[in-house]
1. Among what's in the stretch 141-167 and is hydrophobic (A, V, I, L, M, F, W, C) and within 18 Å of V36 (Cα to Cα), pick the residue that is surrounded by the fewest Cβ atoms within 10 Å (Cβ to Cβ).
2. Going through the stretch 23-36 one residue at a time, which ones are closer than 27 Å to P151 by Cβ and either part of a helix (DSSP H, G or I) or without any contact (Cβ under 8 Å) to a residue 12 or more places away in the chain (or both)?
3. Could you pull out every one of the strands (runs of 3 or more DSSP E) wholly within the stretch 55-153 that has 3 or more residues that are hydrophobic (A, V, I, L, M, F, W, C)?
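Read-outs throughout are calculated quantities, based only on the coordinates presented, and are distinct from any laboratory measurement. Source: prediction; values computed, not measured. We place every Cβ from the backbone using ideal geometry, glycine too, and count neighbours over all the protein chains shown.
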Amino acid sequence: MIGDVVLTESAIQQGVAKVADVLNRQYQSAVVITVVPGGILFTADLVRKLTFGIEMDYISCPHTPGDRQNQSAIVYHQTIPVTNRDVILIDDAIESGGTMQRLVAHLQTFSPKSLAVATLFVKPGRVEIPVKQYYAYEMENDDLLVGYGLPWQNKQRNLPFVAKLAK
């Protein structure tokens, strides 16, 4: 089921550091909103490298990897006010981008001062998302990947690396 490793544990940590370095130069403070459950691992690694003040919240929108037409309900309780605040939406990856596009549009209705997305990697076939995106890697193709938050049939999220799914 697990194929070739695409990002090793070391490459993941280098990617986390790369994204953190850019964010640390851009922000004085921010509300960090994690896309759960996929973004939990990247968020945990990333926020420990941030040198500016953060407050944390979460958002969820269940989906099937690669689904550009996701219409699942968005769950966001806004426990931290985001109006007129810098907001960073964190997930493991932007794959097709359909879900991220919906999450960004939803958060924009709360009138943040700025909204950006931070992920470990993006895939080339993703849709346009109209906010600043911070990421460490751009994948060469749209292969289905598992590990480090990315599931297949709700499993494999806990792998410490990212690998191709071998069916």
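1. Of the stretch 141-167, the ones hydrophobic (A, V, I, L, M, F, W, C) are 144-146, 150, 152, 159, 161-163, 165-166.
Narrowing the set further to residues that are within 18 Å of V36 (Cα to Cα) leaves 145-146, 150, 152, 159, 162.
Values: L145: 23, V146: 24, L150: 23, W152: 16, L159: 18, V162: 26.
Filtering first and then ranking leaves W152.
2. The one that is closer than 27 Å to P151 by Cβ and either part of a helix (DSSP H, G or I) or without any contact (Cβ under 8 Å) to a residue 12 or more places away in the chain (or both): L23.
3. Working: elements: 86-90, 114-122, 132-138.
Hits in the stretch 55-153: 86-90, 114-122.
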